[in-house]
Amino acid sequence: MTMRMRRATVLMAGLVSALPAMAATCPGTVVFQDAYTTPNPALNVAPAPESTVTVKDGKAEVVFLKQGMARMGEYRGAPYGDVNVCLTFATPSTDKAEDQTAGIVFWATDDNNFYILEITVNGQVAVGQQVNGGAYTHPVPWAVNAAVATGTGASNTLRVQTRGNVATVFVNDQQVGTATGTPPPGGGLVGFYASSSVTSLSTWDVSGLTVATP
């Protein structure tokens, strides 16, 4: 699959705050978590014309109001070097289970420079990169992978393990690829990404963000 460029609404604000509670599935010592019970000040959840984000009841619900749109949420304030980043994504509703994507943003400096481990509703996985707002490249190309739970209502837990300039990526505890990249000096921002397809709308639920050091 060729990744289409989508207009992203990047969420920025504040400083990261909050600590442990629940990270059994994310190996290492927990240094940051978002339980999604109240909006974190590091994450701008202001509504946009193409999407809304509602944080409550243990999830951030991303609702798309237009087709072919994307929303990226970076936690501003704290960059991370060698870490495990874990997030769970569910698709409670969509009018067509197509190639809507969602995933973990890592090694980010801003909304124009980042990497993403992403999956699609129809079972594909890839690692994408954007540099200076240019075209996406794929250190791990798009491919169907049996580790991805597919279809409406499916839930997938993703993990990115960064060590030096190598990112090892997992879906539901199964390794699905390894990417060699260029991490920002001093570490990168982390967050989430979600999109609707060009022909349908979708709603993504994001939960359980955990960042843990080795």
Report summary line: Those residues of segment 127-141 that are small (Gly, Ala, Ser) and not in a loop (DSSP other than H, G, I, E, B) come to a total of 1
Report task. Kindly indicate whether Val55 is surrounded by fewer than 24 Cβ atoms within 10 Å (Cβ to Cβ), hydrophobic (A, V, I, L, M, F, W, C) and either more than 16 Å from Leu189 (Cβ to Cβ) or within 15 Å of the chain's Cα centre (by Cα) (or both). Result -> yes
Query raised in the report: Does any residue of segment 85-97 turn out to be at pLDDT below 95 and over 21 Å from Ala154 (Cα atoms)?
Result: no
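Let's see how each residue does on (1) surrounded by 18 or more Cβ atoms within 10 Å (Cβ to Cβ); (2) part of a strand (DSSP E or B); (3) in contact (Cβ under 8 Å) with a residue 60 or more places away in the chain:
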{"site": "Ala90", "(1), (2), (3)": "yes, yes, yes"}
{"site": "Ser93", "(1), (2), (3)": "no, yes, yes"}
{"site": "Thr109", "(1), (2), (3)": "no, yes, yes"}
{"site": "Val125", "(1), (2), (3)": "yes, yes, no"}
**Report entry** Scan of segment 187-214 for residues that are aliphatic (A, V, I, L, M) and under 12 Å from Val85 (Cβ atoms), ordered by number
**Finding:** Leu189, Val190, Leu209, Val211, Ala212
Report task. Give the residue, chosen from Ala70, Ala42, that is surrounded by 19 or more Cβ atoms within 10 Å (Cβ to Cβ) and free of Cβ contacts under 8 Å to residues at least 60 places away in the same chain. Result -> Ala42
Query raised in the report: Could you say whether any residue in segment 207-214 is small (Gly, Ala, Ser), in contact (Cβ under 8 Å) with a residue 12 or more places away in the chain, on the phi > 0 side of the Ramachandran plot and outside any loop (DSSP other than H, G, I, E, B)?
Result: yes
Report summary line: Scanning segment 161-193 for residues that are loosely packed, with under 15 Cβ neighbours inside 10 Å, outside any loop (DSSP other than H, G, I, E, B) and touching a Ser or Thr at 6+ places or on another chain (Cβ under 9 Å) gives Val166, Gln175, Thr178
Report summary line: For Thr137, the lone unmet condition from (1) surrounded by 15 or more Cβ atoms within 10 Å (Cβ to Cβ); (2) farther than 16 Å from Glu98 by Cβ; (3) among the hydroxyl-bearing types (Ser, Thr, Tyr) is (1)
Query raised in the report: With respect to the numbered conditions (1) free of Cβ contacts under 8 Å to residues at least 24 places away in the same chain; (2) closer than 26 Å to Thr178 by Cα; (3) out of contact with any strand residue (DSSP E or B) (no Cβ under 7 Å at 6 or more places or on another chain), which one is the sole condition not fulfilled by Ala135?
Result: (1)
Report task. Would you be able to say whether some residue in segment 98-105 is crowded, with 17+ Cβ neighbours inside 10 Å and in contact with a Pro (Cβ under 9 Å, 6 or more places away or on another chain)? Result -> no
Query raised in the report: Is it fair to say Thr199 is assigned to a loop (DSSP other than H, G, I, E, B), in contact (Cβ under 8 Å) with a residue 40 or more places away in the chain, touching a strand residue (DSSP E or B) at 6+ places or on another chain (Cβ under 8 Å) and surrounded by fewer than 17 Cβ atoms within 10 Å (Cβ to Cβ)?
Result: no
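The values are calculated or read from the model by the stated rules, or taken from the named source; none is laboratory data. What you are looking at is a predicted structure, and each value in this text was computed from that prediction instead of being measured. Methodologically, a virtual Cβ is constructed for each residue, glycine included, from the backbone with ideal geometry; neighbour enumeration extends over all protein chains shown.
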